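Heads up: the structure comes next, in structure tokens.
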Protein chains: 10
Amino acid sequence: MPDSTKLETFENPRPGREYTIEIVAPEFSSVCPITGQPDFGTIIIQYVPNKLCIELKSFKLYIFTFRNEGAFYETIVNQILDDMVKLLNPRKIEVTGEFTPRGGISTNVNAVYIKENEE
Amino acid sequence: MPDSTKLETFENPRPGREYTIEIVAPEFSSVCPITGQPDFGTIIIQYVPNKLCIELKSFKLYIFTFRNEGAFYETIVNQILDDMVKLLNPRKIEVTGEFTPRGGISTNVNAVYIKENEE
Amino acid sequence: MPDSTKLETFENPRPGREYTIEIVAPEFSSVCPITGQPDFGTIIIQYVPNKLCIELKSFKLYIFTFRNEGAFYETIVNQILDDMVKLLNPRKIEVTGEFTPRGGISTNVNAVYIKENEE
Amino acid sequence: MPDSTKLETFENPRPGREYTIEIVAPEFSSVCPITGQPDFGTIIIQYVPNKLCIELKSFKLYIFTFRNEGAFYETIVNQILDDMVKLLNPRKIEVTGEFTPRGGISTNVNAVYIKENEE
Amino acid sequence: MPDSTKLETFENPRPGREYTIEIVAPEFSSVCPITGQPDFGTIIIQYVPNKLCIELKSFKLYIFTFRNEGAFYETIVNQILDDMVKLLNPRKIEVTGEFTPRGGISTNVNAVYIKENEE
Amino acid sequence: MPDSTKLETFENPRPGREYTIEIVAPEFSSVCPITGQPDFGTIIIQYVPNKLCIELKSFKLYIFTFRNEGAFYETIVNQILDDMVKLLNPRKIEVTGEFTPRGGISTNVNAVYIKENEE
Amino acid sequence: MPDSTKLETFENPRPGREYTIEIVAPEFSSVCPITGQPDFGTIIIQYVPNKLCIELKSFKLYIFTFRNEGAFYETIVNQILDDMVKLLNPRKIEVTGEFTPRGGISTNVNAVYIKENEE
Amino acid sequence: MPDSTKLETFENPRPGREYTIEIVAPEFSSVCPITGQPDFGTIIIQYVPNKLCIELKSFKLYIFTFRNEGAFYETIVNQILDDMVKLLNPRKIEVTGEFTPRGGISTNVNAVYIKENEE
Amino acid sequence: MPDSTKLETFENPRPGREYTIEIVAPEFSSVCPITGQPDFGTIIIQYVPNKLCIELKSFKLYIFTFRNEGAFYETIVNQILDDMVKLLNPRKIEVTGEFTPRGGISTNVNAVYIKENEE
Amino acid sequence: MPDSTKLETFENPRPGREYTIEIVAPEFSSVCPITGQPDFGTIIIQYVPNKLCIELKSFKLYIFTFRNEGAFYETIVNQILDDMVKLLNPRKIEVTGEFTPRGGISTNVNAVYIKENEE
């Protein structure tokens, strides 16, 4: 099961500046909740850090915890967004999933969170 | 004939969040209403779900129902948009058709629906 | 000479909706008004139809009427825009010409018409 | 059903010279013999003509006759090769089918015929 | 564990002709035998069939059986080649694995089998 | 009509060396002999000169003489090869025509001449 | 030295319409003011004409006058913008220089002029 | 260690005009602060100069001073931005670092500085 | 200094079969022996193993030992080939170095070793 | 004028091995002998060294000496080949010039020298 406890952080080196970090993980894999067959895709995260940045190796391990998880694409992207918001409390964060074709049809899902009381 | 009764839905897993789903179907085919010869193209749907998401396999079968249908490109794209709005009642939806060249000339059609009383 | 009488139309299947049609014609050819040598380019038309849509085969024949016409690129693009506005009375239309290099230098011309009393 | 009677030919304009003609048809479609769903692909023909060349418009109509035919990729490519050999009696001919992915897996099939008593 | 019992075949529709079938499976995944982390790659098979062709859906299921298998790239490609030779007894077969980068370094492995007593 | 009298040559600066010259002319246009509509393509010439090289500006003018000529692709490529052989008496020459799609199908024609008594 | 006296103009064929002309010159060359070695780049000009358009052949000759000129990239782009503004009195003009790498580092410079009393 | 004393400037040739300079350095290398292994990436700087422009050769030497420096990507990009602001006092400056994949995951960091009292 | 003692091997899993392994390392860096400035490039190794295969992690560490080494491109590629031959005693091995441009000029070096008494 | 006295060499570090060096110089420029206008192109050299290798910086300066030289493409490539053979006495050398389009037509010239008494 997706396991957000694997996620680790380090202190933002410039908390006073609003800047952007993008992480691209093209080796995402999960399992189709209906057929049980593997799904594949790329997860892209763009965020403006607040006090914390995500540690990359722990993010890789977190992504691996979806490997045997049966879930719809829409659920996966929203789940990752929720986990990231809880972990990082970022000023802004956007999660995109680009999934490989099934039945000749490909799907992309994109969700955004903007912290309130921020411009 | 295009058959929207094949379309199925599932419940939006995060109805409280405004996020985007994109579906790309590069294997669209219909028939030219004038010459009776096959037409080919890619249908792209981008929508912000409300309470329902479209089930992909049923969407694939719906797309196949255009295969022996004679229709202008402009009619096809508007018809798909109407069927999707009726099915999903989405916050916003955009349908694009990119059709292969005929007589050395290629055509793209793009139509958008935005639900009223939404920002 | 360019001959707009070849252009034909059909009724817009969704006159109540503001949507976009793009036509890409990569096989445009005319003649340089100075040297008399052939020029080549791509003509791209994007428009929001009003009551009429352009019929593609007639558009192809219209494009062919430039084949032995000597004209500057700037004149060609503005002429096509004028012909389209007169024919279609569209809500909005944009014409772009992308011409192949001459003397190592390539030229693109872009012109837009927006109907008044439209948002 | 595939209908080779639609195929027409014209006389090779240089029968004394061994040269090559390549025809690329990216709008092939047939039906999966197991699921009944549409398949899509590109058919490529390369041949050295003997006394006859294939007429392109009739080839297009011939390709369309596969549209509602249920057949394995391996059968399709070999069938087209057989029909071409019978029609053209060419010095050499090669048929390639490049089919779009199914279940994340794409397939290409290639078959060659070389006329005997030719070097 | 890799499970070749999932593989199925069908009869070659033209056993008298020497032709080529290529299968491209870009969604291969296994596990690194040292770190236990997922590996990803593309498996490409090119073969000249003898009496049997490989059935694609069973091949997809066979590929999935590597998903939790810890194995070196060199072992994976040779294992698939051995399984294919045993299953198909082909005239010729080539297996290529193109694996995604690890530590900034990517690896490709290619192995070929040619049946004796064949030209 | 194609007019080979426009072609001019200059003396090969290294007649003692066997080397290759390639000329790529992507702005070829002729007329379909059946429909009377313009055809477009790229002509590629590769030759090993003997005593003469082709002068580029005259080649451009020669290519333009096909502009209002109705001819099959197969005839065009063989005609250019014949004209070049007569003009240049080259050690070897190859002419390729890559023509834009008609009815969704594109065609390439390739013809070669090798001077006898040359290795 | 750069010589703006080579530049010529012709009358804008549609002075009443605000439209855009783009000129791309990928064969720019000058000389490094420090090392004396050749520099290479592409100059891109986009402008909205007022009463005059730039004549392309004279623009090509103007570009050639930089060939033996030693100048910083920043000076070149601003100089071309100044010369164009003086020549054309345009409604708007933008000049971009994209220069090839030196010491593994490439440079682009972009400058814009907007006529006052225009929207 | 990163050594900003290597940076040199020259006078902006058009201080009265607001224009943009982009510098792309694809040969950046530093060291991972955790594993001690080399990291690689591209540094992109876009700025609107005030009174000073950066001299390219000194920028190249400055980039080289990161070669044996152990630092997080987030720290590197913010450090370069701070050094540039101090050196150039620019109207606006943006620094982007695009780093090569580690563990199958790639990272981009982007930070912007806008001078106060500027529009 | 380049340090071949870091290189490790594992036993070839199919010593009886002649197959090919390709390793692509795009993060090579050394130092110019004349200017002392960093050089960058990609090292590609293709080999037919004998009794041993190269272990990838040790190869990565070996590549890193060139990082502060001043050497000509021609020496680097031949040195790597010598080290690989000594380590692996392969049936065949080819080493290619593709180095990034210096002074606008890029260089590639390719060297091959074939074991004697092998076909 | 082209000045081969600028060319320098260094000793081949592995004279006993037959290997290949490729040099790509995309910033070649000369002058059209007829119009006096600048020509541009890429020069590619591939050679198997004998006792000497070419020094890159001197090669760059040699290439620059063509900058104000009026010469046909065919003469340029053969001249460079002659200069290289005289300088390096290589086992084998190939020179290719890829020149940018003139009048919509681009030209490539390729010449090879193989030392006698070499296999």
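The values are calculated or read from the model by the stated rules, or taken from the named source; none is laboratory data. Given the structure is predicted, the values throughout are model-derived calculations rather than measurements. For neighbour counting, all protein chains shown are included, and Cβ atoms are generated from backbone atoms with ideal geometry for every residue, glycine included.
For (1) within 18 Å of A:Thr100 (Cβ to Cβ); (2) within 11 Å of chain A (Cβ to nearest Cβ); (3) not aromatic (Phe, Trp, Tyr), each residue gets a yes or a no:
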{"site": "B:Glu18", "(1), (2), (3)": "no, yes, yes"}
{"site": "B:Glu22", "(1), (2), (3)": "yes, yes, yes"}
{"site": "B:Phe28", "(1), (2), (3)": "no, yes, no"}
{"site": "B:Thr35", "(1), (2), (3)": "no, no, yes"}
{"site": "B:Ile45", "(1), (2), (3)": "yes, yes, yes"}
{"site": "B:Pro49", "(1), (2), (3)": "no, yes, yes"}
{"site": "B:Ile54", "(1), (2), (3)": "no, yes, yes"}
**Fill in**
Wholly inside the range B:1-98, strands (runs of 3 or more DSSP E) that include 2 or more residues that are buried (at least 19 other Cβ atoms within 10 Å of the Cβ) and modelled with pLDDT of 95 or more are B:20-31, B:38-48, B:52-54
**Message:** Considering only the range D:111-119, I want to know if a residue exists there that is among the small types (Gly, Ala, Ser) and touching a Phe, Trp or Tyr at 6+ places or on another chain (Cβ under 9 Å).
**Reply:** yes
**Prompt:** Got a number for residues in the range A:1-16 being farther than 20 Å from H:Gly104 by Cβ and more than 13 Å from chain H (Cβ to nearest Cβ)?
**Reply:** 2
**Message:** Condition (residue is touching a residue at least 12 places away in the same chain (Cβ under 8 Å) and at the interface with another protein chain (Cβ under 7 Å from one of its Cβ atoms)) applied to the range A:88-95: is it met by at least one residue?
**Reply:** no
**Asked** Among (1) in contact with a strand residue (DSSP E or B) (Cβ under 8 Å, 6 or more places away or on another chain); (2) under 21 Å from F:Thr75 (Cα atoms), where does D:Lys57 come up short?
**Response** (1)
**Message:** So for the range I:101-118 (the condition being under 19 Å from I:Glu8 (Cβ atoms), out of contact with any helix residue (DSSP H, G or I) (no Cβ under 8 Å at 6 or more places or on another chain), at pLDDT 95 or above and surrounded by 18 or more Cβ atoms within 10 Å (Cβ to Cβ)), does at least one residue qualify?
**Reply:** no
**Message:** Tell me yes or no: at least one residue of the range C:42-65 is charged (D, E, K, R), free of Cβ contacts under 8 Å to residues at least 60 places away in the same chain and within 30 Å of J:Gly36 (Cα to Cα).
**Reply:** no
**Prompt:** Among (1) over 26 Å from G:Gly36 (Cβ atoms); (2) within 8 Å of another protein chain (Cβ to nearest Cβ), where does G:Lys115 come up short?
**Reply:** (2)
**Message:** Condition first: in contact with a strand residue (DSSP E or B) (Cβ under 9 Å, 6 or more places away or on another chain) and without any contact (Cβ under 8 Å) to a residue 24 or more places away in the chain. Now tell me which residues in the range F:14-33 satisfy that.
**Reply:** F:Arg14, F:Arg17, F:Val24, F:Pro26
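Table: residues versus (1) away from chain B (no Cβ under 12 Å); (2) among the charged types (D, E, K, R); (3) closer than 24 Å to A:Lys6 by Cα.
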position: A:Ile63; (1), (2), (3): yes, no, yes
position: A:Leu81; (1), (2), (3): no, no, yes
position: A:Met84; (1), (2), (3): yes, no, yes
position: A:Pro101; (1), (2), (3): no, no, no
